[in-house]
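Note sheet for the following structure.
The values are calculated or read from the model by the stated rules, or taken from the named source; none is laboratory data. Everything numeric in this text was worked out from a predicted model, so none of it was measured. Here the Cβ is made from the backbone with ideal geometry for all residues, glycine too, and neighbour counts use every protein chain on show.
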Amino acid sequence: MTEPPQLTIVVPVYNEAEALPGFLGEMLPFVARNHFHLVLVNDGSRDGTGAILDGVAGETVRVLHHKRNRGYGGALKSGILVSDTPYTITVDGDGQHRPEDILALHRTIAARRADMVIGSRRGQKDASLGRAVAKTLIRSLAKTLMTVPVHDLNSGMKIFDTRLAQEALTLCPDTMAFSDTIALVFLNRRNLVLEESIQVRPREHGRSTIGIRDGLATVRAILNMVMLFHPLNLFLPAAGLLMLLGLGWTARCYLINRVVSTGAAVLLISALLTLLLGLIAEQLADIRRALATRTRDP
């Protein structure tokens, strides 16, 4: 008796008609050989991508079409939602990810009973200096505001427990920030998240569409995650800064004029209110975490 498929590979595709023949020529035999499922999501492509994907649809290869472009995260959400295997892995459709790394991550998540394994590109050269700097800044921001024990948050290759991922989708954006966000959701929900080194091949066709807007969207997504899970990490520094400014202003005014200015008083009151709001937000986050834990572990 054939064992049921254990893994679904979700691939978001947008205007990759040039890269798809090579990618599919490698991926389709790999999927058949390992009895995996493959979900290809055409995210509103304007070239011949849709026709190419329809030509390979079959029993174990499912093709989804978005009438309009929803974004990288939106495409991944559609694919993850239809996954019905214990594990799901996300792979880019430009041919940069190697099938052997899919097997390595699958072995790791099963053997270690992890909830997510991130394909880490640590030590590999970035496509450009600008992207390297942007990823370093984003990674530093996340680690400053939260406990982030992994390195490559925004890797496009991640394998995870399908049920947990489907539960996390409502918190994830439709943008490129999806990769960072879903990893942060798993980490903040105390799921076991590991990293496994992978090798990324150079893009042979087309060009990356990641730009400054995507970087800003990722920063916003990280701040949203902090507000959702650890709001005091934002409110406390803000309150501390206001308090220091207020005390400094108070000391200066008192030493010079022997009075406390209205501006200094406003700063001190603002510091107190900011701290109180942070404490309330942290209490709400604690209640939300408790409810989520109770839902997952009845």
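Could you run through the range 4-25 and say how many residues are under 15 Å from Asp92 (Cα atoms) and surrounded by 14 or more Cβ atoms within 10 Å (Cβ to Cβ)?
Going through the range 4-25 one residue at a time, the tally reaches 15.
Just wondering, is there one or more residues in the range 132-140 that are hydrophobic (A, V, I, L, M, F, W, C), at pLDDT below 80 and buried (at least 18 other Cβ atoms within 10 Å of the Cβ)?
Taking every residue of the range 132-140 in turn, at least one turns out to be hydrophobic (A, V, I, L, M, F, W, C), at pLDDT below 80 and buried (at least 18 other Cβ atoms within 10 Å of the Cβ).
Starting from the range 15-28, take each residue that is of a type in the set (D, E, K, R) and list its partners that are not in a helix (DSSP H, G or I), counting only C-beta distances under 7 angstrom and pairs at least six apart or across chains.
Note: pairs meeting the criteria are Glu16/Gly93; Glu16/Asp94; Glu16/Gly206; Glu18/His205; Glu18/Gly206.
In the range 1-51, which residues are of a type in the set (Phe, Trp, Tyr) and not in a helix (DSSP H, G or I)?
Tyr14, Phe36
Have a look at Leu141, Leu187 and point out the one that is without any contact (Cβ under 8 Å) to a residue 60 or more places away in the chain and not in a strand (DSSP E or B).
None of the other options fit; the residue is Leu187.
Assuming Cys253 fulfils every condition listed in (1) assigned to a helix (DSSP H, G or I); (2) modelled with pLDDT under 80 apart from one, which condition is it?
Status for Cys253: all satisfied but (2).
If you check Ile109, Ile102, Ile80, which single one turns out to be at pLDDT 95 or above and under 26 Å from Ala217 (Cβ atoms)?
Just a single option satisfies the conditions, and that option is Ile80.
Assuming Ala239 fulfils every condition listed in (1) under 27 Å from Glu282 (Cα atoms); (2) assigned by TED's automatic domain parsing to the domain that holds Ala111 apart from one, which condition is it?
Status for Ala239: all satisfied but (2).
Got a number for residues in the range 240-255 being surrounded by 16 or more Cβ atoms within 10 Å (Cβ to Cβ) and out of contact with any Leu (no Cβ under 8 Å at 6 or more places or on another chain)?
Selection size over the range 240-255: 1.
Take the residues in the range 23-69 that are farther than 27 Å from His106 by Cβ and basic (Lys, Arg); name whichever of them is modelled with the lowest pLDDT.
Residue satisfying both the conditions and the ranking: Arg46.
Can you find, within the range 187-215, the residue that is farthest from Pro149 (Cα to Cα) among those that are among the polar types (S, T, N, Q) and modelled with pLDDT of 90 or more?
Once the filter is applied, the top-ranked residue is Gln199.
How about the range 32-45: which of its residues are touching a helix residue (DSSP H, G or I) at 6+ places or on another chain (Cβ under 9 Å) and of a type in the set (A, V, I, L, M, F, W, C)?
Phe36, Leu38, Val39, Leu40, Val41 - these are the residues of the range 32-45 that are touching a helix residue (DSSP H, G or I) at 6+ places or on another chain (Cβ under 9 Å) and of a type in the set (A, V, I, L, M, F, W, C).
Only one residue in Gly71, Gly119, Gly95 is in contact with a Ser or Thr (Cβ under 7 Å, 6 or more places away or on another chain), touching a residue at least 40 places away in the same chain (Cβ under 8 Å) and at positive phi, so which one is that?
Going through Gly71, Gly119, Gly95 in turn, just one is in contact with a Ser or Thr (Cβ under 7 Å, 6 or more places away or on another chain), touching a residue at least 40 places away in the same chain (Cβ under 8 Å) and at positive phi: Gly71.
Which residue is nearest to the chain's Cα centre (by Cα), if the candidates are limited to the range 256-269 and must be assigned to a helix (DSSP H, G or I) and surrounded by fewer than 15 Cβ atoms within 10 Å (Cβ to Cβ)?
Ile269
Which one of Leu236, Leu184, Leu232, Leu272 is more than 30 Å from Asp115 (Cβ to Cβ), modelled with pLDDT of 85 or more, surrounded by 12 or more Cβ atoms within 10 Å (Cβ to Cβ) and not basic (Lys, Arg)?
Testing whether each residue is more than 30 Å from Asp115 (Cβ to Cβ), modelled with pLDDT of 85 or more, surrounded by 12 or more Cβ atoms within 10 Å (Cβ to Cβ) and not basic (Lys, Arg) leaves just Leu272.
State which residue pairs qualify: first residue acidic (Asp, Glu) and inside the range 153-168, second residue assigned to a strand (DSSP E or B) in any location, beta carbons under 9 Å apart, and separation of 6 or more residues or different chains.
Listed pairs, sorted by first residue: Asp161/Tyr87; Asp161/Thr88; Asp161/Met116.
Within the range 46-54, is even one residue surrounded by fewer than 18 Cβ atoms within 10 Å (Cβ to Cβ), farther than 28 Å from Glu195 by Cα, among the aliphatic types (A, V, I, L, M) and not assigned by TED's automatic domain parsing to the domain that holds Asp174?
No, that holds for no residue.
Every residue in the range 234-270 that is among the small types (Gly, Ala, Ser) and more than 24 Å from Asn224 (Cβ to Cβ), please.
The answer is Gly246, Gly248, Ala251, Ser261, Gly263, Ala264, Ala265.
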